[in-house]
1. Can you tell which of LEU176, LEU70, LEU128 shows the greatest fluctuation in a Gaussian network model of the chain with Cα springs below 10 Å?
2. Suppose R0 equals 30 Å; then what is the FRET efficiency for SER60 and LYS105 from their Cβ-Cβ distance, rounded to the nearest 0.05?
3. Roughly how many Å is it from the Cα centre of the stretch 42-64 to that of the stretch 130-199, as a whole number?
4. Please compute the length gained on full extension between ARG30 and LYS43, using 0.36 nm multiplied by the number of residues separating them and subtracting their Cα-Cα distance.
5. What are the ³J(HN,Hα) couplings of the stretch 154-164, residue after residue, when phi is run through the Karplus curve with 6.51, -1.76, 1.60 and θ = phi - 60°? Round to Hz, x for glycine and proline.
6. Counting only helical runs of four or more DSSP H residues, what would the 222 nm mean residue ellipticity of the chain come to if each run contributes -39,500 (n - 2.57) and the total is spread over all its residues?
7. Working out 0.36 nm times the residue gap between LYS123 and ILE77, then minus their Cα-Cα distance, what length gain in nm do you get to one decimal?
8. With a probe of 1.4 Å, find how much accessible area the chain has per residue, and write the answer as a whole number in Å².
Amino acid sequence: MSDIGKVFISPSILNADFNELEKEITRIARVSDYLHLDIMDNKFVPNFTFTFDRASQIISFSELPVDAHLMVDDPDIQAPRYAQAGCDSVTFHIEAAKNAKDIIKNIRSNGSKVGVAIKPRTKLSDVLHLIDEIDLLLIMTVEPGFGGQKFMEDQMGKVKEARDQINRKPDTKPLLQVDGGISLETIGMAAKSGANCFVAGSAVFKSSDPAEMVLKLRKLASENFKF
Ligand code: DX5
Ligand code: ZN
């Protein structure tokens, strides 16, 4: 089957029960595409999630390919380590990168796909020159740092422009991911704007039936993604 028109759901465990992560992941594994692993260092963002050792354990026991989102202030050093640990993809923030081209090369040479992320106040033009070299472009739809925040509708202009730029490329088409405030109320708008990969944290793990929620989100996303 062709991947055109396909959408991807990547539940974030930031709002899952950290003491029961294996169980939490199992609950959504069969219906999800990736597991979104938020790494925060309490420097790039005012919050801390996992040590590298704990993250490595999660990467090892996850039944889903891990989509790591590094919110750290030294991605030049950290990103290759997460690739070595076995992530399917490693996404770093352009705002924190000293040498983005080197990070991209080092993630790839350690066996992972590459993602680049921008915060709400960062311009799309800061990453457009990298679009041919990456597998995923993440446009944040909240200020990174915490789950459960309100979706920033004002980022949709950037998502539309990114979709336009991506679709002009003849072959390499990175996934266009949105992260923050994705729910049954907002996922349709994000898909309509051109996103095809959706991170959802609290919408999934605060729901009484996380797997059912993933299915509902996927249905709404695919109905609205027309690219
Ligand atoms: C926020 C994280 C998100 C977070 C999303 O900085 O990058 O991945 O888990 O959580 P929700 O879906 O609750 O906004
Ligand atoms: Zn994230």
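1. LEU128
2. On the way: r = 25 Å, r/R0 = 0.84.
That gives a FRET efficiency of 0.75.
3. Measuring centre to centre over Cα atoms gives 23 Å.
4. Length difference between fully extended and current span is 1.2 nm.
5. In residue order, the calculated couplings are 5, 8, 5, x, 5, 5, 4, 5, 5, 4, 4 Hz.
6. Working: 8 runs with 77 residues, N = 227.
Rounded to the nearest 500, the figure is -10000 deg cm²/dmol.
7. 14.1 nm
8. Details: 10090 Å² over 227 residues.
Accessible area per residue, the chain: 44 Å².
The values are calculated or read from the model by the stated rules, or taken from the named source; none is laboratory data. Everything numeric in this text was worked out from a predicted model, so none of it was measured. Cβ coordinates were reconstructed from backbone atoms using ideal geometry, including for glycine residues, and neighbour counts include every protein chain displayed. Note: accessible area is taken over every heavy atom of the protein model, side chains too, but ligands, DNA and RNA are not part of it. Shrake-Rupley method; radii C 1.70, N 1.55, O 1.52, S 1.80 Å.
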